[in-house]
1. How about the stretch 100-156: which trypsin sites (Lys or Arg not before Pro) there lie in a loop by DSSP and see at most 11 other Cβ atoms within 10 Å?
2. Hey, which aspartates and glutamates would be in cross-link range of Lys223, C-alpha to C-alpha under 13 Å, not counting anything within fewer than 8 residues on its own chain?
3. Go ahead and run the numbers for FRET between Ser78 and Lys119, Cβ-Cβ distance against an R0 of 41 Å, rounding to 0.05.
4. Name the trypsin sites (Lys or Arg not before Pro) in the stretch 189-248 that are in a loop by DSSP and that have at most 10 other C-beta atoms within 10 Å, would you?
5. Looking at this model, which pairs from Lys33/Lys162; Lys89/Lys229; Lys33/Lys119; Lys31/Lys119 are more than 25 angstrom apart at the alpha-carbon?
6. What is the spread of the Cα atoms of the stretch 27-85 along each of their three principal axes, largest first, in whole Å?
7. Taking the Cα atoms of the stretch 6-189 alone, what are Rg (to one decimal) and Dmax (as a whole number) in Å?
8. To the nearest 20 Debye, how big is the dipole of the chain about its Cα centre, given +1 on the beta carbon of each Lys and Arg and -1 on that of each Asp and Glu?
Amino acid sequence: MPEVTTTSGNLRFGGKALSLIKFRDVVGQEKAKRMLQLAFSRQKTSHAYLFQGSSGVGKKSLAQAFAAFLNCLEDGRSDSCGQCPSCRKMASANHPDFLIIEPERGKAQISIDQIRELKKMLSYPPVEAGYRVVMISDIQQTMIRKEVANSLLKTLEEPPLKTVFVLTAVEAAGILPTIVSRCQVVPFYPLSYELVCGVLSADGLSAGQAYVMASIAEGSVGKARELAKTDLLETRKQIVEGLVSLSQTQAGAVEGVFVLAEQAAQRKDDLVEVLELLQLWIKDLMILASGGSEDYLINHDLRHTLPPASQRWNVEQLSERLSMIVEAQRQLRHNCNRAFVCEVLFWAFIG
Ligand SMILES: [Zn+2]
């Protein structure tokens, strides 16, 4: 979907041309929502928030929902109505009082000029008489330049009336402590496995794919969606099927392992994730080896590989192989020879 923004010099307004995001549209993060709703109902909305938590758990979505909520015109609301003129402007990414400050195209950092321009704008009251909401995401990456952070700090110290800053960050480390101290910190938590599964299923993934992706997404819908766009599942299937078809005593086993290791090593950034998926397969084997129910198996598309692989190892040997995968992942993170690490690992996985 094209990004629709209104621009004024270096500032960008309005967000993406998605439908209006309400609180109820944001998956999980009930405590954060409640905190924001309560503060509003008690007329104690802070002038600056720091949404802090892992990537892909809903910080930006909730910032957009909050901007819509603050400006919605319905009395006594606990969420945006979606119908009033303000909500409609928000829905069309056309609200003049919702500002998103992000690095200009091709740059990694917000510039001092952008903050200066923002300040000029903040010297006027909000256009629509509601709240002006300024969102700055990932500030530990986009605002590392001291003079930019200091310039923003001055604004946070003397906040303009009816202006609410929403800053987001994965962690407070790396942010000027004086900025953190001016903000109300709102913690965001990893989402439950069930919630991530639910989102992926709603996106159209099969139950089997959703289970596997949610298992390695570390509670992040964003990460799960990124993983789902890749061919990780297919690669891990080819590797598992390849390993099951080989045995150490057969002719050509060494070459077979070599080919699989080369194939795995070609993965650019996500070889560690491929091995994470291999761990899930071993865990399925452990469930079977310890007499657990098939209902608990995760890798639905690898069922056919379980009977032959179950013949190879007992629970203790499976546990050793889990440790080998963890060790291989550690080596890969330290830039060891990728193909070699995989060869050694895969040799231990053939019968
Ligand atoms: Zn409304």
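1. For trypsin sites (Lys or Arg not before Pro) across the stretch 100-156 that sit outside H, G, I, E and B with at most 11 neighbouring Cβ atoms in 10 Å, the list reads Arg105, Lys107.
2. Asp270, Glu273
3. Working: r = 33 Å, r/R0 = 0.81.
Efficiency computed from Cβ-Cβ geometry: 0.80.
4. Loop-located and lightly packed - Lys229.
5. Lys89/Lys229; Lys33/Lys119; Lys31/Lys119
6. 33, 24, 18
7. Looking at the stretch 6-189, its Cα Rg and Dmax stand at 15.2, 43 Å.
8. The dipole of the chain has a size of about 1460 debye.
Every number here is computed from the coordinates shown, using simple stated rules; none is lab data. Keep in mind that this is a model prediction, so the values were computed, not measured. We place every Cβ from the backbone using ideal geometry, glycine too, and count neighbours over all the protein chains shown.
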